[in-house]
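Peer 1: There's a structure below that I have some questions on.
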Amino acid sequence: MMKWLLLSALALAAQHLGVLSYTVPQGSPGFYHGNSSAAVTFDAHSMFLDNKRLFVFSGEFHPWRAPSGKAIWRDVFEKMKAAGFNTASIYFHWGLSSAKEGGALDFNFFRSHTDLYEVAKEVGILIISRPGPYINAETTAGGFPGWLTNVPALARTNQTGFTNAWMPYIKAVAKFIEPFQYPNGPVIAVQSENEFFQSFPDNPGRAEYMQLIEDTYRANGITKIPITHNDAHPQGAYAGPGLGAVDLYCWDEYPNGFDCSHPTVWGQVDTQLNADHQKIDPDVMWSAAEFQGGSFDPWGGPGYDSCYQLLNEQFANVYYKNNYAAQVTLQSLYMTYGGTNWGNLAEPTVYTSYDYGAPIREDRTLSPKFNEIKLQSHFLHASTDFVLSTMTSADTSLSDKGQVFTTALSSPSGVGFYVVRQNDNAITTRTDFQLKMNTTAGVVTVPQFGGTNSLEGRESKIFVTNYPFGSNKLAYSTAEVMTWTTIDKTDIVVLYALAGHTIEASIPTTAQKVTVSGSTSVTAKVSNGSVVINGSPSGASVITFGSAKVVVFDKATALAWWNPRLAGTGKTPYDVAPDVPSVLVGGPYFVRSATQHGSVLALTGDLNATTTLDVIASSSVKSITWNGKTLSVSKSAFGSIRATLPFGVKAPTVPSLKDATWLCEDSLPEIKDGFDDSSWVTANKTSTPRPQQPTGGKFVLYADEYGFHYGNTIARGHFTGNATGVKLNVQGGFNFGYSVWLNNKFLGSNQGTNANAANGGLDQTNDTWTFNTADVRPGDNVVTVVVDTTGLNEDQGGDDFFKTPRGVRGYQLLGGPDFSVWKIQGNLGGENGPDNTRGPLNEGGLFFERQGAHLPGFPATNWASSKTDSTCSPTVGITTAGIKAYRTTFNLNFPANSDIPIALKFTRTPTSSYRTIIYINGWQFGRFSSKDGPQTLFPLPEGILNHQGENELLVTIWSLDAQGAKIADIGLVNTATIDSGKPPVGAVSSPGFAQLRR
Ligand code: IPT
C-alpha cells in the first residue's frame, strides 16, 4: 500500500532555490512507496523535480502512430518543446508487441520504449508513460492483443487467465522504464490501466487487478516515480485510500465532446473543476491526465478540419485558461500529435487518419492552436508563483459588465492572476469592460489612463498584478504575459494583446527616463515612481527604463515569437524555468533550437516562406547562424538583431500517378472454379467461451478463434445438395463491409454504418441471400464470404466487449443440408505472421496480401500492365463485383533541407460502393471507403516513404457493387513545403518480398 510521508529534505532544498522558496508543509503527501528513493514528489499544489516546483505542461503522443521512428519522434518532440510542452504523455500498445499468447514480446523499432525515452531525454521532454495494459485510444481492442479475445477470463479483472496474459507484458515494460526513471531518464510517472472504474458489486476482482499492476511495477524497479490513474470523470476512482489506490489521482475532461459536425457549437465552461477536485483529493495537486486537445472522427464523419474548428485556438484559449483558473498544475492535451491509424490500428469508430484536429497536424505541420498553446505554456513556466496560487474569487463582480467572469487567484507572495472571459460561450461579439484589481497600491480599476479592456467572444485573458520578472515587477498588466527572461542583467518581459485592444501596464521604477522604440501605438511615461504603458499594440514596441525592457506585441506578432532555452544551460535538459538562459526569436514558422558558442548564436528551425528574423539576445552575440548558414544582420527599429531568412526550397515536382505504369492482378481467386482451399484453416470449433455467442450454424466461424485478428478475412463454406439460399449474420464493426458469392456468382454485399447514425450504428447485418437454382451445382458448392472489418471493439465498459466476433457470426443454409466444412483465411500465418518489423497488425488476409504483392521487390512478372492493357489502372477500375490490386513505383528526390509531407489523394464518388487498401513500401497506410468517406487525403509519412529514392505503391479496388467501380482520380500531393532544419529522416529499413515470402 502506498503511504504518504513528509520529505523534509525536500522542504530544506526548496528554500535555497532562487526561483521559489516554498516549503512543503508537514504532512504533505510527497510521493512515497516504502522507501525514501522517490525522485518525483508532489503536494497539494504541484509536482517537484529536483526540489523545484513545475507546472507539468504535457501533450499526448503515440509513437506507434508515427512508425517512421526516432527521427520523426524527435521532430514531434522538438515541436512540442518549442511550444512549451515540458512533458509528453505516451500510450504504449500491448497488441503491437504481442502477436501470440505466450510468444516473444517485441519492443523493437516503433514499439521501443528505449528509443522513445532516449529521444525525449535528448530533446528535454519529460515522459508520463501509459502502457496499459488497456489503453482505449481508438485503437483495435483498445490496445489488447487480438489473441486475448480467445482467453476465457474476464479481462480487466484478477481472473487467472487474464493475469497470466498481461503480467509478462507489464514486467517487460517495467524493465524498460526502470533505467529511465527521473532523474536518470525522462520518465516522471507511470499510469496504471486507463479510465478504470472500481469494482462493481457483482463483478469483483477489478481493484485487485489494479493493485496487482501497481505491485508489479513496484516489484520490478519502478520505485522512484509516482503511479497515476486517469479517472474518466471526477468520481474519485482509485484516489484512495483502499485497494488499487494510486499515488497521484488524475482525471480526464473532454468538454466539447466528439461531434465535429457542429464545429461552432460550444457548451459552457465548467466552473466546478476545482470544487470537484477539493471534494476528491484536496491533499494532492489537481491533474488533468487527458484534457481535450482535439477530437476523433468516425467513418462518414465531417473530417478532421471540422474537429480542428470545434477545438481550435479559441477553444484552447478559453478552456485551457479555465483549467489554470481552477489551479490545474498537470495538464496533458490529448492529442497533441495524433498520427495515423496505419496497418489495422483503428478500432471501428475511427478511420485511418488520427489527426484529431490536434495542435500538430498529421503531416506534422503546425496549426494556429499550436502557437496559442505556446503563449500559454510559456506564461505558466515564466510565472513560477502560479502553481502556488489559490482562488480568491470567481464571479462577475470585479467587472463593470455582467458578462465578464473573472477568476482571481493569488499566490502566498502576493502575485495576482485574473483570468477573465465572457461568462457565456454563446457570445461571439466583443465586450469592453473595466476591471477591479488588487495591487500593492490597493484596489485599482483598470485601465486608469484611457481606453477600456476588451474581450472578443470566446476569448480569455490573464491579467496580472504584483508580478515579478527578474528583479522588476509589473504592478499590474492588462496585456497578457508571454514570458520573461533576464539578458545582460536586463529583465525583459514580453506582453501581448490583440491589435485594437487597449492595454495598460504599470511598473514601479526609480528610473527617470523611459524610451519607446518600434511601434508608437503604445506610449510610456514615468508617473509617480512608475512607468505606465498604455495604448493599443501594433507590431512591436519596446519600452526601456532602468534595468527593465517591456516588449509589447500585438497578438498576431506574439504568436510568431519563440523563447528557446539556450542548449546546455539548464541544470537538466528538461528545465524550462525562467532562470535558464534563453533568447527571444521572432518570425520563423518554427524555431527548433538555440545554442550559443562564444559570440555565435546558432539557431535551427523551419520556414514556410522567406521570413524576417528578429532576435533579442545578449550583447555578446555578434553573429547568428540559421541552420548552419551565417546571416547578415542589422538592427531593427525596436532594437532586435534583424536578418532575412530566405526560403530555400523549390516547390517540389510530385510524380503523376496518371502517367505511371500500373501493373494489375485480380485479388479474389477464391471465387474462381477449382480454387483450392485445402491448406486453409478448417473452422471446426463448435463452441466458444466468449460472451458473444454464435447466432446460428454448427461451427464457430469467428476469424479470431482461428488466429486471424487484423484486416480482411475470408470464409468459404462447402455444401453439396439443392440449397436455395443462405442466411448470414456478418459482424465486422461499424462501417464494415462484406461481399458474398455462390461459386463464381455474386450474391451481393452489405455494409455497416457509423455510431452517429440514427439507429446507433450497424456493426453487423443479417441478410438472406437466395440462390439461382441454375447456379447450384451437383457436387461441391462454395459460399465465399469476404469481410472487411474495421477493427476489434474497445473495452471501455470492462465487459469483454473487445471479444465481439469478426467475420461470420451465424449462418444457415436454406432448403438443403448443412455446410459440410468451412474454411477460414486471414493474414498470412495468423498469429505467426512473418513480419517482425512492421508488426503483427500490418497485413490482412486478401489474396494479394497473402502472396506478398504489397511488399517491396514483389516480382509482379505475370501481372498485366497498363502499357499493353489500358484497363489496367485504378482510374479505369473493374466492371464487376470483386477485388483487384494495382501496383506502381515512383521516385522522389527531395532536397535534404526540406520537409515536404506527401499524401495520396482520392477523388471520392460517394454513390459508388468500393473499398481501397493502400500499401506503401509494404506498410498499410490507408483504408479508403468511397461510400463512407470522409478521408480522401492519406498522408504517407517520410521514412515510410522514401524521399530520396524509389517507392512501391499498391492500391486495391474492392467493388461491393455488381456494376464494378473505379477510383475517379488518384494522385500524390504535397500538403506543405517546408524549408526545414530537421536532420534527415532516411527511409526506414524494412524487409521486402525476398525476406518475408520465401
Ligand atoms: C478517453 C480515453 O482515455 C482515451 O484513450 C481516448 O479514447 C479518448 O477518450 C478519446 O479520444 S475516454 C473519455 C472520452 C471518456
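Peer 1: Determine which single condition Asp355 fails, assuming it passes every other condition in (1) within 15 Å of the ligand (Cβ to nearest atom); (2) out of contact with any strand residue (DSSP E or B) (no Cβ under 8 Å at 6 or more places or on another chain); (3) closer than 25 Å to Ser46 by Cα.
Peer 2: Going through the list (1) within 15 Å of the ligand (Cβ to nearest atom); (2) out of contact with any strand residue (DSSP E or B) (no Cβ under 8 Å at 6 or more places or on another chain); (3) closer than 25 Å to Ser46 by Cα, Asp355 breaks only (3).
Yes/no per residue for (1) open to solvent by 10 Å² or more (accessible area, probe 1.4 Å); (2) not hydrophobic (A, V, I, L, M, F, W, C):
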{"site": "Val786", "(1), (2)": "no, no"}
{"site": "Val808", "(1), (2)": "no, no"}
{"site": "Pro834", "(1), (2)": "yes, yes"}
{"site": "Phe848", "(1), (2)": "no, no"}
{"site": "His854", "(1), (2)": "no, yes"}
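Peer 1: Working only within the stretch 969-984, note down all residues that are in contact with a Ser or Thr (Cβ under 6 Å, 6 or more places away or on another chain) and under 23 Å from His854 (Cβ atoms).
Peer 2: Residue satisfying the conditions is Asp969 alone.
Peer 1: Let me ask something else. Out of the stretch 178-209, which residues are in a strand (DSSP E or B), modelled with pLDDT of 95 or more and either open to solvent by 10 Å² or more (accessible area, probe 1.4 Å) or away from the ligand (no atom under 16 Å from the Cβ) (or both)?
Peer 2: Step one: list which residues in the stretch 178-209 are in a strand (DSSP E or B), which gives 181, 187-191, 200, 203.
Then drop every residue that is not modelled with pLDDT of 95 or more, which leaves 181, 187-191.
Within the stretch 178-209, Gln181, Val187, Ile188 qualify.
Peer 1: Kindly indicate the residue of the stretch 581-604 that is open to solvent by 10 Å² or more (accessible area, probe 1.4 Å) and in contact with a Gly (Cβ under 6 Å, 6 or more places away or on another chain) and also nearest to Ala82 (Cα to Cα) among those meeting that condition.
Peer 2: Looking at residues that are open to solvent by 10 Å² or more (accessible area, probe 1.4 Å) and in contact with a Gly (Cβ under 6 Å, 6 or more places away or on another chain), I get Arg592.
Peer 1: Might you let me know whether the stretch 16-29 holds any residue that is modelled with pLDDT of 95 or more and touching a Lys or Arg at 6+ places or on another chain (Cβ under 6 Å)?
Peer 2: Initial filter on the stretch 16-29 (modelled with pLDDT of 95 or more): none.
For the stretch 16-29, residues modelled with pLDDT of 95 or more and touching a Lys or Arg at 6+ places or on another chain (Cβ under 6 Å): absent.
Peer 1: Name the single residue, out of those in the stretch 255-277 being of a type in the set (S, T, N, Q) and in contact (Cβ under 8 Å) with a residue 40 or more places away in the chain, that is nearest to the ligand (Cβ to nearest atom). It would help to see each step written out before you state the result.
Peer 2: Our first condition is that a residue be of a type in the set (S, T, N, Q); within the stretch 255-277, this holds for 256, 261, 264, 268, 271-272, 274.
Still in the list and also in contact (Cβ under 8 Å) with a residue 40 or more places away in the chain: 256, 261, 264, 268, 271, 274.
On the way: Asn256: 11, Ser261: 16, Thr264: 21, Gln268: 19, Thr271: 21, Asn274: 21 Å.
Looking at residues that are of a type in the set (S, T, N, Q) and in contact (Cβ under 8 Å) with a residue 40 or more places away in the chain, I get Asn256.
Peer 1: Tell me, which residue of the stretch 282-301 that is in contact with a Pro (Cβ under 9 Å, 6 or more places away or on another chain) and away from the ligand (no atom under 16 Å from the Cβ) is most open to solvent (accessible area, probe 1.4 Å)? If you could, list the steps in order and put the result at the bottom.
Peer 2: Let us first name the residues in the stretch 282-301 that are in contact with a Pro (Cβ under 9 Å, 6 or more places away or on another chain), namely 283-284, 291-294, 297-301.
Narrowing further to those that are away from the ligand (no atom under 16 Å from the Cβ): 283-284, 300.
Values: Asp283: 101, Val284: 8, Gly300: 42 Å².
Per the criteria, the residue is Asp283.
Peer 1: Let me ask you something else. Consider the stretch 688-736. How many of its residues are surrounded by fewer than 22 Cβ atoms within 10 Å (Cβ to Cβ), of a type outside the set (S, T, N, Q) and part of a strand (DSSP E or B)?
Peer 2: Matching residues across the stretch 688-736 total 4.
Peer 1: Among the residues of the stretch 566-587, are any in a strand (DSSP E or B), under 24 Å from Ile624 (Cβ atoms) and in contact with an Asp or Glu (Cβ under 6 Å, 6 or more places away or on another chain)? Working first, answer last.
Peer 2: Residues of the stretch 566-587 that are in a strand (DSSP E or B), as a first pass: 566, 582, 584-586.
Filter once more, so that each one left must be under 24 Å from Ile624 (Cβ atoms): 566, 582, 584-586.
This time we only want the ones that are in contact with an Asp or Glu (Cβ under 6 Å, 6 or more places away or on another chain), so: 586.
Yes, there is a match, as at least one residue in the stretch 566-587 is in a strand (DSSP E or B), under 24 Å from Ile624 (Cβ atoms) and in contact with an Asp or Glu (Cβ under 6 Å, 6 or more places away or on another chain).
Peer 1: Take the stretch 218-245 and flag every residue that is within 13 Å of the ligand (Cβ to nearest atom) and either outside the structural domain of Gly205 (by TED's automatic domain parsing) or of a type outside the set (Val, Ile, Thr) (or both). Explain how you work it out, then say what you get.
Peer 2: As a first pass, look at the stretch 218-245 and keep what is within 13 Å of the ligand (Cβ to nearest atom): 228-235, 237.
Hits for the stretch 218-245 are His229, Asn230, Asp231, Ala232, His233, Pro234, Gln235, Ala237.
Peer 1: Out of (1) within 17 Å of Thr713 (Cα to Cα); (2) more than 29 Å from the chain's Cα centre (by Cα); (3) of a type in the set (Lys, Arg), what's the single condition that is false for Arg777?
Peer 2: Single failed check for Arg777: (1).
Residues are listed down the side, and each one gets a yes or a no for (1) assigned to a strand (DSSP E or B); (2) in contact (Cβ under 8 Å) with a residue 60 or more places away in the chain:
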{"position": "Val481", "(1), (2)": "yes, yes"}
{"position": "Lys513", "(1), (2)": "no, no"}
{"position": "Thr520", "(1), (2)": "no, no"}
{"position": "Val531", "(1), (2)": "yes, no"}
{"position": "Pro537", "(1), (2)": "no, no"}
{"position": "Val550", "(1), (2)": "yes, no"}
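Peer 1: Moving to a separate point now. Please report, ordered by residue number, the helices (runs of 4 or more DSSP H) entirely within the stretch 59-177 with at least 2 residues that are within 16 Å of the ligand (Cβ to nearest atom).
Peer 2: Working: elements: 70-82, 94-97, 113-123, 160-177.
Of the helices (runs of 4 or more DSSP H) lying wholly inside the stretch 59-177, those with at least 2 residues that are within 16 Å of the ligand (Cβ to nearest atom) span 94-97.
Peer 1: So which pairs qualify, if the first residue must be in the stretch 982-996 and assigned by TED's automatic domain parsing to the domain that holds Asn946, the second must be modelled with pLDDT under 95, the Cβ gap must be under 7 Å, and the two must be at least 6 apart or on different chains?
Peer 2: Cβ pairs passing all conditions: Pro984/Ala896.
Peer 1: Against the condition closer than 30 Å to Phe734 by Cα and surrounded by fewer than 19 Cβ atoms within 10 Å (Cβ to Cβ), how does Gly242 come out, does it pass?
Peer 2: In short, no.
Peer 1: Mind listing just one residue for me: the one in the stretch 786-825 that is more than 16 Å from the ligand (Cβ to nearest atom) and small (Gly, Ala, Ser) and, of those, modelled with the lowest pLDDT?
Peer 2: Gly816
Peer 1: Considering (1) free of Cβ contacts under 8 Å to residues at least 60 places away in the same chain; (2) open to solvent by less than 10 Å² (accessible area, probe 1.4 Å), say which one Gly797 fails and leave the rest.
Peer 2: (2)
The values are calculated or read from the model by the stated rules, or taken from the named source; none is laboratory data. Because the structure is a prediction, the values reported are computed rather than measured. Note: ideal-geometry Cβ built from the backbone for every residue, glycine included; neighbour counts use all protein chains shown. To get the accessible areas, we keep the full protein, side chains included, count just its heavy atoms, and leave off ligands, DNA and RNA. Shrake-Rupley method; radii C 1.70, N 1.55, O 1.52, S 1.80 Å.
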